[in-house]
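Working notes for the structure below.
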Amino acid sequence: MNVFSVKLFGKKGLMAGAASLVLMATPAVAQTNAELLQRLNDLESRLETISDRVTTDRTRLSTVEQSYNSAVWTFDNGRPTFASGDGRFTMSIRTRIQFDTASFMQDDTHPDGFAGPADLSSGAVFRRAYFGIEGRAYRDFAYYVRLNFGGSNGGFNGTGVPGTEGDGILNQAILSYTGIPNWHFSVGALETSMMFEGTTSSANLMFIERPEIDNISTELFGGSDSRRGIDIGYAKTDTFWAGDNVTVTAVFSGAKTANAAGHGNGGDEQSQAFVRVTDRLWSDGPSNFQIGATIGTVIYSGNAAGGGAQALNFQDRPQVRVDGTRLISTGNIAAKTGDLYALDMGLNWQNFFIGGEWAQFSADRQCGTLSVTNNPVCINSAAVIDRPTFGGWYLEGSWILTGETRSYAATSLTNETAGWGMPVPSRPFALDADSWGAWELVARYSSTDLNWNPTQTALTNAVGTSRLAGVLGGKEDIFEVGLNWYLNRNVKLQPHFSFISVKKGVAAILNRDGQDLNVLMTRLQFAT
């Protein structure tokens, strides 16, 4: 065996760090000088390629190291955003100011026994005054912290006690892990995306408020307002075919962060869970068609302070929050658990949009003071004697006069399920440029029925009450029309008008407290 040690030289001069090559030749196979030279040339070429690659990698690493500590400020659509040079850390400043006004016009005359309200309070309120930050840390973690200095009725509900409307200062405080493609895992103070319009940011709402069935459902089944909870979601485009977008969101939540309601001694904290599934069945880019379903349950309705009984109260305002009065309400129903089912759809075709939803919610009413002597079902006070069921629906649409389309988001950092956003003005408002932003006509009809067996009275016999009365929460129909003026991406003005019909009363006179009223509303919004 012959051993040769050869020093390699590059064609462009001495290569950094000389390489040693050991060539082994056996007596059985003799190699000519030409063959050895060819092998040397091949090895030299391969070493040169490796050297070039190492140089390139060093250059890239040096570039990353040099840019790692650099800071980049951008103003994406008016939103200040800071990012580290490597993009692994980001922080955006978020603001949202909504100033609402309302003028109520009500009937002057009412039937005998009318229980009101006869004079709702016209005025103004800062519906939302958000300030927050959002971003990413170490690329795979997302965070969002938001404070709210506004709220329904200023967040006092006429009692002088802050937070009674659920509008706490700490509105959201979320930490999410997004390191697994298409998944997110969030924990903290959540304002979860529930129901059809619940997936739309309040900055992008077509109307002053979300429809009543959405508000009622989210209030009791774990959406709306800030709640302690866990949110797990999945979202993927082109799941089954090109253009579709599937999302699945599962949420477990506790009581609201703003107050101690549902968290008294003598029982555990109130808790809820829901699952929402959507699929964008079709899209050609600007136009989209989506269907969705929501299933929710109240696991435990919570206890009042001092160990008070569990209760569910289905109620809402007439889609305006300047006056906090609920015109329809079931009152407290003695129930530990309840259920929710909802179906929805949405379609935007170029500059037209139509959407709607149907929902049904129920409470598992407990026997309370009824006993087995009066009703065999009531083996104890916590046994379920019946299931009052309520529901409603709405249909809404819009026409963007200036031709823009409503944007569709498959997913986002703070709104984890698919939904529609507001149109982006193609010509933002500017007097000197003779451009006037985007203009949109909107209309929505909603119907909510909180009556259940309204003529049923409590049945009493010689041994006591054996049947509970029906529930007279009232029925409300609202037709709202409006004009939305999007001056630019950040400023929006919404003058709207509502026609409201309320039918409510007692078992003997079902419409004793009914009335018709109109509301002229406006919202001025600035959001980043």
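For region 219-233, does any single residue satisfy the condition of being of a type in the set (Asp, Glu), under 19 Å from Gly179 (Cβ atoms) and touching a residue at least 24 places away in the same chain (Cβ under 8 Å)?
Filtering region 219-233 for residues of a type in the set (Asp, Glu) gives 219, 225, 231.
So of that shortlist, the ones also under 19 Å from Gly179 (Cβ atoms) come out as 231.
Among the residues that remain, those that are also touching a residue at least 24 places away in the same chain (Cβ under 8 Å) are: 231.
Checked against the condition, which is being of a type in the set (Asp, Glu), under 19 Å from Gly179 (Cβ atoms) and touching a residue at least 24 places away in the same chain (Cβ under 8 Å), region 219-233 yields at least one hit.
When you scan region 79-101, how many residues do you find that are more than 30 Å from Gln319 (Cα to Cα) and touching a residue at least 60 places away in the same chain (Cβ under 8 Å)? Break it down into steps so the answer makes sense when it comes.
Restricting attention to region 79-101, the residues satisfying the condition of being more than 30 Å from Gln319 (Cα to Cα) are 80-92.
Now restrict to residues that are touching a residue at least 60 places away in the same chain (Cβ under 8 Å): 80.
Looking only at that region, the number is 1.
Can you go through Val463, Val424, Val471 and tell me which one is β-branched (Val, Ile, Thr) and within 28 Å of the chain's Cα centre (by Cα)? Walk me through it before giving the result.
Details: Val463 fails: within 28 Å of the chain's Cα centre (by Cα); Val471 fails: within 28 Å of the chain's Cα centre (by Cα).
The conditions single out Val424.
Do you know which residues across region 182-210 are farther than 15 Å from Glu357 by Cβ and of a type in the set (A, V, I, L, M, F, W, C)? Step through it out loud before you land on a result.
So in region 182-210, the residues farther than 15 Å from Glu357 by Cβ come out as 182-192, 201-204, 208.
Within region 182-210, Trp183, Phe185, Val187, Ala189, Leu190, Ala203, Ile208 meet the criteria.
Looking at region 283-300 only, could you name the residues that are free of Cβ contacts under 8 Å to residues at least 40 places away in the same chain and not in a strand (DSSP E or B)? Break it down stepwise before answering.
Filtering region 283-300 down to residues free of Cβ contacts under 8 Å to residues at least 40 places away in the same chain leaves 285, 299-300.
Within region 283-300, Gly285 is the sole residue that qualifies.
Would you mind stating whether Arg136 is farther than 26 Å from His496 by Cα, in contact (Cβ under 8 Å) with a residue 12 or more places away in the chain, part of a strand (DSSP E or B) and under 30 Å from the mean Cα position of the chain (by Cα)? Lay out the reasoning, then the answer.
Details: farther than 26 Å from His496 by Cα: yes; in contact (Cβ under 8 Å) with a residue 12 or more places away in the chain: yes; part of a strand (DSSP E or B): yes; under 30 Å from the mean Cα position of the chain (by Cα): yes.
Yes.
Yes/no per residue for (1) among the charged types (D, E, K, R); (2) modelled with pLDDT of 90 or more; (3) out of contact with any Cys (no Cβ under 7 Å at 6 or more places or on another chain); (4) crowded, with 17+ Cβ neighbours inside 10 Å:
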{"position": "Gly254", "(1), (2), (3), (4)": "no, yes, yes, yes"}
{"position": "Gly267", "(1), (2), (3), (4)": "no, no, yes, yes"}
{"position": "Arg276", "(1), (2), (3), (4)": "yes, yes, yes, yes"}
{"position": "Arg280", "(1), (2), (3), (4)": "yes, yes, yes, yes"}
{"position": "Ile295", "(1), (2), (3), (4)": "no, yes, yes, no"}
{"position": "Asp316", "(1), (2), (3), (4)": "yes, yes, yes, yes"}
{"position": "Val322", "(1), (2), (3), (4)": "no, yes, yes, yes"}
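Name the strands (runs of 3 or more DSSP E) wholly within region 388-504 that hold at least 1 residues that are farther than 30 Å from Ser283 by Cα and at pLDDT 95 or above?
Once the strands (runs of 3 or more DSSP E) in region 388-504 are filtered for at least 1 residues that are farther than 30 Å from Ser283 by Cα and at pLDDT 95 or above, what remains is 389-400, 438-452, 471-486, 491-503.
Would you call Ile180 of a type outside the set (S, T, N, Q), farther than 20 Å from Gly150 by Cβ and in contact (Cβ under 8 Å) with a residue 40 or more places away in the chain?
Numbers: of a type outside the set (S, T, N, Q): yes; farther than 20 Å from Gly150 by Cβ: yes; in contact (Cβ under 8 Å) with a residue 40 or more places away in the chain: no.
Considered against the rule, which asks whether it is of a type outside the set (S, T, N, Q), farther than 20 Å from Gly150 by Cβ and in contact (Cβ under 8 Å) with a residue 40 or more places away in the chain, Ile180 comes out as no.
Answer with yes or no whether Leu395 is in the same structural domain as Thr200 (by TED's automatic domain parsing) and over 25 Å from the mean Cα position of the chain (by Cα).
Values: in the same structural domain as Thr200 (by TED's automatic domain parsing): yes; over 25 Å from the mean Cα position of the chain (by Cα): no.
Spelling it out, it is not the case that Leu395 is in the same structural domain as Thr200 (by TED's automatic domain parsing) and over 25 Å from the mean Cα position of the chain (by Cα).
Would you mention how many residues in region 439-477 are of a type in the set (Phe, Trp, Tyr) and within 30 Å of Leu205 (Cα to Cα)?
2
Can you confirm whether Ala507 is among the small types (Gly, Ala, Ser), touching a Ser or Thr at 6+ places or on another chain (Cβ under 6 Å) and either closer than 30 Å to Ser371 by Cβ or assigned by TED's automatic domain parsing to the domain that holds Cys378 (or both)?
On the way: among the small types (Gly, Ala, Ser): yes; touching a Ser or Thr at 6+ places or on another chain (Cβ under 6 Å): yes; either closer than 30 Å to Ser371 by Cβ or assigned by TED's automatic domain parsing to the domain that holds Cys378 (or both): yes.
Against the criterion (among the small types (Gly, Ala, Ser), touching a Ser or Thr at 6+ places or on another chain (Cβ under 6 Å) and either closer than 30 Å to Ser371 by Cβ or assigned by TED's automatic domain parsing to the domain that holds Cys378 (or both)), Ala507 qualifies.
Could you figure out which of (1) within 31 Å of the chain's Cα centre (by Cα); (2) modelled with pLDDT under 85 isn't true of Ser84?
(2)
Return the residues of region 443-486 that are buried (at least 20 other Cβ atoms within 10 Å of the Cβ) and within 26 Å of Phe352 (Cα to Cα); say none if nothing qualifies.
Selection gives Arg444, Ser446, Thr448, Ile478, Glu480, Gly482, Asn484, Tyr486.
The values are calculated or read from the model by the stated rules, or taken from the named source; none is laboratory data. Every value quoted in this text rests on a predicted model; they were computed, and no experiment measured them. Please note: Cβ atoms are built from the backbone with ideal geometry, for glycine as well, and neighbour counts cover all protein chains shown.
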